[in-house]
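Data first, discussion second: the structure below is written as structure tokens.
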Amino acid sequence: MRAVHFALLGVFAQAGALAQNSAEATVDRTGKYDYVREFAAPSALAFENGGGYLFAASAESDEVVAWSLGGIEMTRFGASSSAPSRLLDPRGLAVDNGEVFVADAGHQRIAVFTTSGAFLRAFGAYGGNAGAVRDPHGVAATKDALYVCDTGNDRVQKFTRDGVPLAQVGAHGFAHGEFIRPLGVAVDDAGFVYVTDSGNHRVQKFDAELRFVKSWGDFGPHSGFFAFPDGIATCWGQVFVADTDNHRVQVFDADGTPLYEWGVHAQLPREGLGKLHYPSALSVTHDLAGFRAAVAEPSEDRVQLFNTVPAGEELPRNPPGVRVTSAHYGKRFALAGDLMATTEPGAPSLVLYDTEHDQAPWEPIEVTRASLWGRKPGQLLAPNDVALDWERKLLYVADVDALRLSCFRVAHDETTKLGMDFFLLKFVRSLDFGELHRLGADGAPFAVRPDAIELDPWGGVAVLDALQRRLFHVAQDFAVTSIEMAPLGSRPIDFVFASNGKRAFVVDELDGEVRLLAVSDAGAPKLDVELLRIGTHGSGAGQFVRASGITVAADGSVYVSDSALNRVQHFAADGRFLAAFGADGVGPVEFHKPAGLALDRSGRLWVDDWGNHRGQVLTPSGEFVVAFGSRWFVLPTLNLPGAQRK
């Protein structure tokens, strides 16, 4: 169905492509590869006025660094251990008139520094009222205003440079002036404001007071279409958009007419030299030498620099209509019985694997794939987590962009042999958290965002909302109640219940810890007693920089992944550190930004090796069994010495 959709879009895109080819011959262009700068998880970029320095924010080291165009570090700030100058998960940058504005997402504020790193002021707080923010991302500064992508509230706000709220636009939705995860914002010389509406795969244009002007884009791989666009910049009448899942940068005029694009999908491990892999933030400047563009690739821990393209020189780019999404897993696996379930958010698809067949050599075998893109019940926008109820043969799917929990029947029991079956999943029902909130039926201050899900001890599904920092219980009849809880940390990202149903472990990504909570024996869902904490922030044994996933073994011990340190750590039920394994790389028991973890009933550990587009199956002690997923990333595990299939 997706292929048909893309083919139809391609017919309508041909005229745009012809117009783009004509435009390329008449405009100044950038996109010629210059050099690369290694940098951990770059989340925001901004050239200083005049383009002499490039400022970059890191979502892992929680700091901002500035370099000269020659690559010399000029300043570094934000990693201070003391408030108010300490940053936590910075996600947006703007540099203007000697001031650096930082979207300090972990602290739910905008922090302002001098260009040399001295703290000046901060404004904003967690909330949904005017002036408050939830998970701020892109920022853009003018001489008298600041525009902020208030991503968690699906809106854009305009402030004075001192933080006084002036205007706002947005709500969760698909209409003009509504957003699904606005991530980037830019202002052109005429005062018009451009916003990347990532979950709606479009750019929206507003006037200086945030009144809607126009929008362009839709979901697809062709010129003028997008796949989860992120960063945006304006320069010399051109609008530059980081088209993240299409692995390219597209350039438009102020009315949205495609001018040109650059970028070839980097498909090999750590491939670069101008090839792009999930570009996110970007910044563009222009001087006597022409354009200079910087493009962040957080999944590759690098920033690539591009220069002006000489007249007549062709820019490298993907062939029309080519977009690779297969085996690009989401960040969670779910195992039950003889099945493993996962998602491919960029497709979007649901995928099931047979985990207990008798074919040799053993590896997971795909048995169904459901591609269900769309806004209707039973369809998906960006599925991000799954939970398998083996007793009832149900698959629950969290879709954070749609604010929806969907339920599918799994037409399988262990008395029949699994084979490829495209009808293995049948849609049953879905729960629209957005609509539930509009009806006032969720008992929550904000609509529930299903960031992670698990089967819970109360016979339903527990849903984690990372921004609200709490869990919600969804009963079998899809009634929703807020779970009474002990306080959680800065950003809970994953959780799991022990097999006996008496304890819950909650991973906090930013605080570098796991909180163990007691499950109440009372009838109402409660997790109101904290028993212990595992880990602190750091890189030593038992510490975390970016804890990312968790699973619990039958003996009560837990495994926790760390996406920044590229390792998995094992802890006893009482929190004692037992072991660690993993390193950055593509070989066996090497990871790149690992995410979710799961254990099968044989005790094997499944690691979602997210940054390597693959999964790895290990023994409980961390020995390699097999890898599966993208062939270019599986191949190194087959050829390297010591790689065995057990």
Can you tell me which residue is surrounded by the most Cβ atoms within 10 Å (Cβ to Cβ) among those in the range 418-461 that are in contact (Cβ under 8 Å) with a residue 60 or more places away in the chain and not in a loop (DSSP other than H, G, I, E, B)? Ala452
Residue in the range 583-621 that is surrounded by the most Cβ atoms within 10 Å (Cβ to Cβ), counting only those that are on the phi > 0 side of the Ramachandran plot and in contact (Cβ under 8 Å) with a residue 60 or more places away in the chain: Lys593
Failed criterion for Gln543 (all others in (1) open to solvent by 20 Å² or more (accessible area, probe 1.4 Å); (2) touching a Pro at 6+ places or on another chain (Cβ under 7 Å) hold): (2)
When you go through (1) of a type outside the set (Lys, Arg); (2) modelled with pLDDT of 95 or more; (3) under 25 Å from Ala59 (Cα atoms); (4) open to solvent by 40 Å² or more (accessible area, probe 1.4 Å) one by one for Pro487, which number turns out not to apply? (2)
Given the criteria touching a residue at least 24 places away in the same chain (Cβ under 8 Å), open to solvent by 50 Å² or more (accessible area, probe 1.4 Å) and more than 12 Å from Leu146 (Cβ to Cβ), does Ala130 qualify? yes
For the list (1) in contact (Cβ under 8 Å) with a residue 24 or more places away in the chain; (2) outside any strand (DSSP E or B); (3) over 24 Å from Arg86 (Cα atoms), I need the number of the one condition that Leu510 fails. (3)
Among the numbered conditions (1) in contact (Cβ under 8 Å) with a residue 12 or more places away in the chain; (2) outside any strand (DSSP E or B); (3) of a type in the set (A, V, I, L, M), tell me where Leu54 comes up short. (2)
Taking the range 163-205, which residues are surrounded by fewer than 24 Cβ atoms within 10 Å (Cβ to Cβ) and of a type in the set (Phe, Trp, Tyr)? Phe174, Phe192
I'd like to check which strands (runs of 3 or more DSSP E) are fully inside the range 521-621 and have at least 1 residues that are closer than 20 Å to Asp508 by Cα. 529-534, 547-552, 558-562, 567-571, 577-581, 597-599, 605-609
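Just need a number here: residues in the range 164-199 that are in a loop (DSSP other than H, G, I, E, B) and closer than 16 Å to Asp154 by Cα. Even if it seems obvious, please write down each step before you answer.
Taking the range 164-199 first, the residues in a loop (DSSP other than H, G, I, E, B) are 164, 170-171, 173-178, 180-181, 188-192.
From what is left, the residues that are closer than 16 Å to Asp154 by Cα are 170-171, 173-178, 180-181.
So the answer is 10.
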Just one listed residue, out of Arg409, Arg369, is open to solvent by 50 Å² or more (accessible area, probe 1.4 Å), assigned to a strand (DSSP E or B), in contact with a Ser or Thr (Cβ under 6 Å, 6 or more places away or on another chain) and free of Cβ contacts under 8 Å to residues at least 60 places away in the same chain, and it is Arg369
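Rundown of residues vs (1) under 30 Å from Asp600 (Cα atoms); (2) out of contact with any Lys or Arg (no Cβ under 9 Å at 6 or more places or on another chain); (3) touching a residue at least 12 places away in the same chain (Cβ under 8 Å); (4) not in a loop (DSSP other than H, G, I, E, B), yes/no style:
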residue: Leu305; (1), (2), (3), (4): no, no, yes, yes
residue: Glu314; (1), (2), (3), (4): no, yes, no, no
residue: Ala347; (1), (2), (3), (4): yes, no, yes, no
residue: Val351; (1), (2), (3), (4): yes, no, yes, yes
Matching residues, the range 622-641, being open to solvent by 60 Å² or more (accessible area, probe 1.4 Å) and either modelled with pLDDT under 90 or not in a loop (DSSP other than H, G, I, E, B) (or both): Arg631, Trp632, Leu635, Leu638, Asn639, Leu640, Pro641
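The values are calculated or read from the model by the stated rules, or taken from the named source; none is laboratory data. Since this is a predicted model, take the numbers as computed values, not measurements. Neighbour counts are summed over all protein chains in view; Cβ atoms, including those assigned to glycine, are modelled from backbone coordinates with ideal geometry. These area figures cover heavy atoms from the full protein model, side chains too; ligands, DNA and RNA do not enter into them. Shrake-Rupley method; radii C 1.70, N 1.55, O 1.52, S 1.80 Å.
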